[in-house]
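Derivation of every value follows stated rules applied to the coordinates shown; laboratory data play no part. Since the structure is predicted, the reported quantities are computational estimates derived from the model, not experimental observations. Cβ: placed from backbone, ideal geometry, glycine included. Neighbour counts: every protein chain shown.
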Amino acid sequence: RCSRHRGTEQKLQRVTWEPKQPVLTIEGVSPLRSFSEEDFIDKVVHRTQLELNRRLQKGLVIFLRSSLLSDDGNFISLREAAFAKGFGIGYKFRRTGECSTGQEHKQKTLQCPVKLNCFRIVLPQLPEDGGTQYVVRVTVVGEVVLWNPTGGPFLSYRRFKKTAETTYTMTNSNSIPVTSYPARYSLLKGPHLNLRGILESRINTFFDDGTFRDAISAVLRVLNKPEDFSSQ
């Protein structure tokens, strides 16, 4: 359940994922059996959650565009309100399953399934909205991929690999889903210049080159890699 409370770091608690059933082995990917590697991943996820909250106490400013594409193919101006704000990025960042090892560019990787939900994007409110504040709820599912290409004492963030389609749900400020909302806020899948397309692009940047990369990299710089992790 997503809470509307914008709490502080003191409200967050570490969550350790415990497997409930055997995990199937996929060719080219090996389940982790080492406690040190599993514990390391738990620490990385937890501390990244804290770091995201520290960095984003006032929310994440998201530039949309001066105009957005509607479902009927028209661009609708946002006038001076071209910015949205994201909240809750770290509050529900969780590990969701068994981690594994793999290989990319002949280098060993650690990859861990995670979910980021309860992420709220507060959209610009215009006079014609009649006082309604529209909010998009976003859920992102994927894997955090770490590696050690230099052979040094610390692992590095390689990338975030989405493993499911990101979901977008339009609600009002009371978290109630709405089916009727302004044409400028199209959540139609496909177009790159409608609201969904712009948000998808911004979220990809967040993981690849933005705040998430910076936060998890800061965490990895102070956590020694697991003793039994080798680069090959």
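A few points about this structure:
- Residues (in a loop (DSSP other than H, G, I, E, B) and either at positive phi or among the hydrophobic types (A, V, I, L, M, F, W, C) (or both)) located in the range 156-168: Ala164
- Subset of the range 136-155 (residues that are surrounded by fewer than 20 Cβ atoms within 10 Å (Cβ to Cβ), assigned to a strand (DSSP E or B) and in contact with a Ser or Thr (Cβ under 7 Å, 6 or more places away or on another chain)): Arg137, Thr139, Val141, Val145
- Subset of the range 185-221 [in contact (Cβ under 8 Å) with a residue 40 or more places away in the chain, over 18 Å from Arg137 (Cβ atoms) and assigned to a loop (DSSP other than H, G, I, E, B)]: Pro191, Leu193, Arg221
- Residues in the range 166-185 include at least one that is within 16 Å of the chain's Cα centre (by Cα) and surrounded by 14 or more Cβ atoms within 10 Å (Cβ to Cβ).
- Residue pairs whose Cβ atoms lie under 9 Å apart, sitting 6 or more positions apart in sequence or on different chains, and linking a residue in the range 126-142 that is closer than 20 Å to Val114 by Cα to a partner that is of a type in the set (Gly, Ala, Ser) and crowded, with 20+ Cβ neighbours inside 10 Å, are Val138/Gly86.
- Of all residues in the range 48-102 being of a type in the set (Phe, Trp, Tyr) and farther than 19 Å from Leu187 by Cβ, the one that is surrounded by the most Cβ atoms within 10 Å (Cβ to Cβ): Phe93
- Test: residue in the range 110-121 that is touching a Pro at 6+ places or on another chain (Cβ under 8 Å) and of a type outside the set (Asp, Glu): no
- Lone unmet requirement of (1) in contact with a helix residue (DSSP H, G or I) (Cβ under 8 Å, 6 or more places away or on another chain); (2) assigned to a strand (DSSP E or B); (3) among the charged types (D, E, K, R) for Arg65: (2)
- Scan the range 205-232 for residues that are under 14 Å from Phe63 (Cβ atoms) and surrounded by fewer than 17 Cβ atoms within 10 Å (Cβ to Cβ) and the total you get is 2.
- Here Val122 clears all of (1) over 20 Å from Thr211 (Cβ atoms); (2) surrounded by 15 or more Cβ atoms within 10 Å (Cβ to Cβ); (3) among the β-branched types (Val, Ile, Thr) except the condition numbered (1).
- Output for the range 159-184, where each listed residue is in contact (Cβ under 8 Å) with a residue 40 or more places away in the chain, over 30 Å from Gln107 (Cβ atoms) and not polar (S, T, N, Q): Val178, Tyr181, Pro182, Ala183, Arg184
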